[in-house]
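The values are calculated or read from the model by the stated rules, or taken from the named source; none is laboratory data. Remember, it's a predicted structure, so these values are computed and weren't measured experimentally. Virtual Cβ from ideal backbone geometry, glycine too; neighbours counted across all protein chains shown.
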Amino acid sequence: MTRMETERQPAISMLAFLLRGSTTAVLLRSGLMIAVIAVADWRIEGNIPLGFLYLFPMLLAGSVLSRWQITLVAALCTCLTEAFDSFDWLPGTGIPRDILIFAAFFCMGLFVYEVGRNRQAAQQHVQQIEDAEEQLKVLVESSPAAIFTTNADGRVLLANHAANRLFGLVTGALHGKSIGDYLPSLVNVPALERNRQPFRTVMQCRGRREDGEVFLADIWFSTYRTSAGPRLAAMVVDTSEDLRNREELSLHQLLAASRILVGAVSHEVRNVSGAIAVVHENLARNGTLAGNKDFEALGTLIAALEKIASMDLRQAANQAAGIDLQSLLEELRIVMDASLRDEGVEVHWEIESGLPPVWADRQSLMQVFLNLTKNSERALLNEKHRELRVVARQDKRRVTVRFSDTGGGVANPARLFRPFQQGAQATGLGLYLSREFMRSFRGDLRYEPEQHGSSFIVELSPVLYDDGKEKHGPGDPDSTGRRSQPVSGEPQPVTGGRT
């Protein structure tokens with residue numbers, strides 16, 4: 001500490017003591033100092049000006065008073081200085097002198113006032129920053145997502161508890177380690193030292209835990225610069241479970257669609273093999289080919305073909321359960337709204353409140369809704385007025401979802417729900433599979449022609465009756481011991497072309 005700093009310490013301590021306490025205490029000290037200076041100036045004889053001493057009580061007053069109050073105290077001190085000094089007051093010299101004295105007192109008080117106000121504002125700002133930092137720290141530490149920051153070399157500077165758990169480390173062990181050992185794809189981020197622009201994006205990659213286990217990770221990260229150098233901040237979520245669920249659902253959909261398709265092909269093969277068998281029997285009765293080994297072999301092949309085609313293709317395990325139809329339709333709206341809006345289709349969603357849970361396989365029902373919505377979108381491409389209306393309501397003991405559009409009808413009504421339709425954009429399996437999906441959990445899909453368009457109605461069985469009693473699952477025995485039956489849904493004559 002220098003000599004000057006040593007000499008300042010007593011003065012600073014004294015000033016801090018005088019400014020300590022409540023507003024009333026500071027004002028009392030200031031008033032007492034003004035009175036002492038005034039009495040001393042009055043009693044001391046000679047040309048000794050003591051008015052400059054009023055700067056000290058003005059310093060105290062400026063720390064607790066407002067601007068106009070400081071002005072009054074400065075005017076009082078100016079009057080006391082002029083009253084007790086030994087100089088004659090003349091307009092030519094007195095007015096400039098009083099202006100200078102008043103300005104000195106007022107500026108001293110105003111200076112302390114502004115310093116105090118700025119200090120208070122700075123304290124409030126610091127307190128806000130500390131509160132924000134504390135809240136941010138709590139948010140980061142309590143977040144289930146892994147959050148960390150790295151330097152330009154990829155070394156972890158800060159990491160929350162979730163980050164250590166994600167990579168299979170004990171708390172605090174991730175600090176100082178290279179993030180490339182756990183998320184190698186982050187090494188491909190443009191070098192922070194060379195990249196002046198901030199880099200913000202999302203990526204999906206494979207990660208590795210400390211024990212070598214591999215997982216799928218979604219990463220949200222950004223780069224930024226600090227006085228200590230460039231930094232990278234990232235948030236990581238393990239999405240391995242989502243991948244497993246997605247693949248299992250895809251496999252379930254594939255198996256269900258394959259089973260339905262194979263069933264349709266087997267039915268057609270069975271019809272053809274039956275016709276061939278009739279011709280074979282007719283030729284056998286004629287006796288022309290009796291004893292012909294090739295003819296007998298042909299009969300054996302026909303019998304084998306009939307046996308293969310008539311195999312009982314049992315349905316896969318029923319995965320229907322009670323689902324929230326309203327939430328599923330909201331998901332459909334999120335998925336399809338952007339696509340329909342880009343095509344200029346005006347969509348109206350009319351979902352009745354209080355819909356009961358319905359029996360269905362969630363993924364299969366979503367596939368049915370998507371197929372119907374995409375069909376309507378394609379049907380509206382060449383129409384001037386493009387409107388789609390989705391109406392969901394409860395009708396007696398059924399819940400119906402109606403997809404009505406202003407597009408054309410079906411080109412071949414007799415083959416509406418049949419596979420491999422002629423004129424279809426792909427295989428013509430969309431509506432066929434959709435209805436089979438619905439019937440697999442005792443729902444149904446049917447068509448109704450409209451005056452200016454067409455409608456497809458999805459029928460579902462509610463889990464609860466209107467009286468609130470629990471309903472048996474579709475196909476399970478009811479209270480009478482009988483099994484519930486699906487509503488008939490044979491195709492009706494329509495016009496237009498859809499698949």
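The set of residues in region 51-79 that are touching a Leu at 6+ places or on another chain (Cβ under 8 Å) and of a type in the set (S, T, N, Q) contains only Ser63. Considered as a group, the residues in region 374-403 that are in a helix (DSSP H, G or I) and of a type in the set (S, T, N, Q) include one that is surrounded by the most Cβ atoms within 10 Å (Cβ to Cβ), and that residue is Ser376. Scanning region 116-153 for residues that are touching a residue at least 40 places away in the same chain (Cβ under 8 Å) and either under 30 Å from Ser30 (Cβ atoms) or assigned to a helix (DSSP H, G or I) (or both) gives a single hit, Gly116. Sub-8 Å Cβ pairs linking a first residue in region 319-338 that is under 14 Å from Trp359 (Cα atoms) and surrounded by 15 or more Cβ atoms within 10 Å (Cβ to Cβ) to a second residue that is at pLDDT below 85 and among the aromatic types (Phe, Trp, Tyr), at least 6 apart or interchain, are Ala320/Phe441, ordered by first then second residue.
When residues of region 435-460 are filtered for being of a type in the set (Gly, Ala, Ser), buried (at least 23 other Cβ atoms within 10 Å of the Cβ) and closer than 20 Å to Ala360 by Cα, how many remain? Residues meeting the conditions: 1. If you go through region 159-176 and keep only what is under 16 Å from Leu232 (Cα atoms) and surrounded by fewer than 18 Cβ atoms within 10 Å (Cβ to Cβ), you end up with His175, Gly176. Would you confirm whether any residue within region 113-129 is buried (at least 16 other Cβ atoms within 10 Å of the Cβ) and assigned by TED's automatic domain parsing to the domain that holds Phe52? Checked region 113-129: at least one residue is buried (at least 16 other Cβ atoms within 10 Å of the Cβ) and assigned by TED's automatic domain parsing to the domain that holds Phe52.
Put simply, of Val156, Val73 the only residue that is β-branched (Val, Ile, Thr), at pLDDT 85 or above, under 22 Å from Ala61 (Cα atoms) and surrounded by 11 or more Cβ atoms within 10 Å (Cβ to Cβ) is Val73. The requirement of being under 60 Å from the mean Cα position of the chain (by Cα), surrounded by fewer than 19 Cβ atoms within 10 Å (Cβ to Cβ) and assigned to a helix (DSSP H, G or I) is fulfilled nowhere in region 77-85; no residue meets it.
Filter region 223-237 for residues that are over 16 Å from Ala159 (Cβ atoms) and assigned to a strand (DSSP E or B); which is nearest to the chain's Cα centre (by Cα)? Step by step, filter region 223-237, then rank; the result is Thr223.
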